Amino acid sequence: MKKIALTLLLAIGLYAATTHSAKVLETMNSGGYSYIKVQDKNQKYWIAMTQRAVKVGDTIRYSEQGWMQNFHSKTLNHTFDKILFAADVNAPQQVQHKKTPSDIIHSKYQEKSTQSIAELFKERAKYANTKVTVKGKVTKVSEAIMGLNWVHIEDGSRYKGMDDLVFTTKENPPKVGDIVYAKGVAVKDKDFGYGYFYPLIIQEATFSSKN
């Protein structure tokens, strides 16, 4: 997986981002990545991208990041004669700015020792590179993406439509619906590339039911 990630990062500076539209012929997931065989006009070939929910028959759009010959996937124990590393342009993993009527700065879960999600977004320059604590409800969990588990938390507050805060961790994540204390380091304007941009994200996160 490290080899794949390195290849993707190197490809950013080496290849133009040509966009393709193709039909899914085969698909399999391994090591946090999706390996997809596509029909692109008169050509059939394999692509690799960070794990996505796709199925045979879907039409997907993706941008070209770089080709590799004789690429061996250790997690699949399979060698691809030729494979395209790609970025998904259908559904980039980024914070969704929801349209809401007004800001709500205070969280219904907030305590003296915690910050609300709205407060963190509003004052993200102030909180950047500091440890923060949020109490809220887990709304989504995506596991084993780029070697991390991605946990979305909401607490009833919002700032300029932003009410969903992402925490990344290498620990076992909590379950959707859990009310947790989430602690970690706030990072401002984090760009992972390939559509992974966050105005605020909490890294090195830990979760507990008690503060």
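The values are calculated or read from the model by the stated rules, or taken from the named source; none is laboratory data. This structure is a prediction, so every number in the text was calculated from the model and none was measured. When we count neighbours, we look across all protein chains shown, and the Cβ atoms used for this are built from the backbone with ideal geometry, even at glycine.
Can you name every residue in region 104-129 that is more than 19 Å from G161 (Cα to Cα) and of a type in the set (A, V, I, L, M)? Once the filter is applied, which keeps residues that are more than 19 Å from G161 (Cα to Cα) and of a type in the set (A, V, I, L, M), region 104-129 yields only A128.
Restricting K140, K188 to those that are surrounded by fewer than 18 Cβ atoms within 10 Å (Cβ to Cβ), at pLDDT below 95 and in contact with a helix residue (DSSP H, G or I) (Cβ under 7 Å, 6 or more places away or on another chain) reduces the list to K188.
Return the only residue of K44, K55 being surrounded by fewer than 13 Cβ atoms within 10 Å (Cβ to Cβ) and free of Cβ contacts under 8 Å to residues at least 60 places away in the same chain. On inspection, the qualifying residue turns out to be K55.
Looking at region 99-211, the strands (runs of 3 or more DSSP E) lying wholly inside it that each contain 1 or more residues that are aliphatic (A, V, I, L, M) and within 18 Å of G32 (Cβ to Cβ) sit at 131-145, 148-154, 165-169, 196-208.
What number of residues within region 31-84 are part of a strand (DSSP E or B) and of a type in the set (K, R)? Step through it out loud before you land on a result.
As a first pass, look at region 31-84 and keep what is part of a strand (DSSP E or B): 33-40, 43-50, 59-73, 78-84.
Cutting the leftovers down to of a type in the set (K, R) gives us 37, 44, 61, 82.
Counting residues in region 31-84 that are part of a strand (DSSP E or B) and of a type in the set (K, R) gives 4.
Of everything in region 156-183 that's of a type in the set (A, V, I, L, M) and within 16 Å of the chain's Cα centre (by Cα), which residue is surrounded by the fewest Cβ atoms within 10 Å (Cβ to Cβ)?
The initial filter retains those residues of region 156-183 that are of a type in the set (A, V, I, L, M), namely 162, 165-166, 176, 179-180, 182.
Of the ones still in play, those that are also within 16 Å of the chain's Cα centre (by Cα) are 165-166.
Working: L165: 28, V166: 21.
For region 156-183, the residue satisfying everything is V166.
Before we move on, is S34 farther than 17 Å from M146 by Cβ and within 18 Å of the chain's Cα centre (by Cα)? Quick ask: steps written out before the conclusion?
Working: farther than 17 Å from M146 by Cβ: no; within 18 Å of the chain's Cα centre (by Cα): yes.
Spelling it out, it is not the case that S34 is farther than 17 Å from M146 by Cβ and within 18 Å of the chain's Cα centre (by Cα).
The set of residues in region 193-211 that are under 14 Å from the mean Cα position of the chain (by Cα) and surrounded by 18 or more Cβ atoms within 10 Å (Cβ to Cβ) comprises Y194, Y196, Y198, L200, I201, I202.
From the list K126, K112, K108, K135, the one residue that fits, being crowded, with 19+ Cβ neighbours inside 10 Å, more than 28 Å from T50 (Cα to Cα) and either out of contact with any His (no Cβ under 8 Å at 6 or more places or on another chain) or assigned by TED's automatic domain parsing to the domain that holds S63 (or both), is K135.
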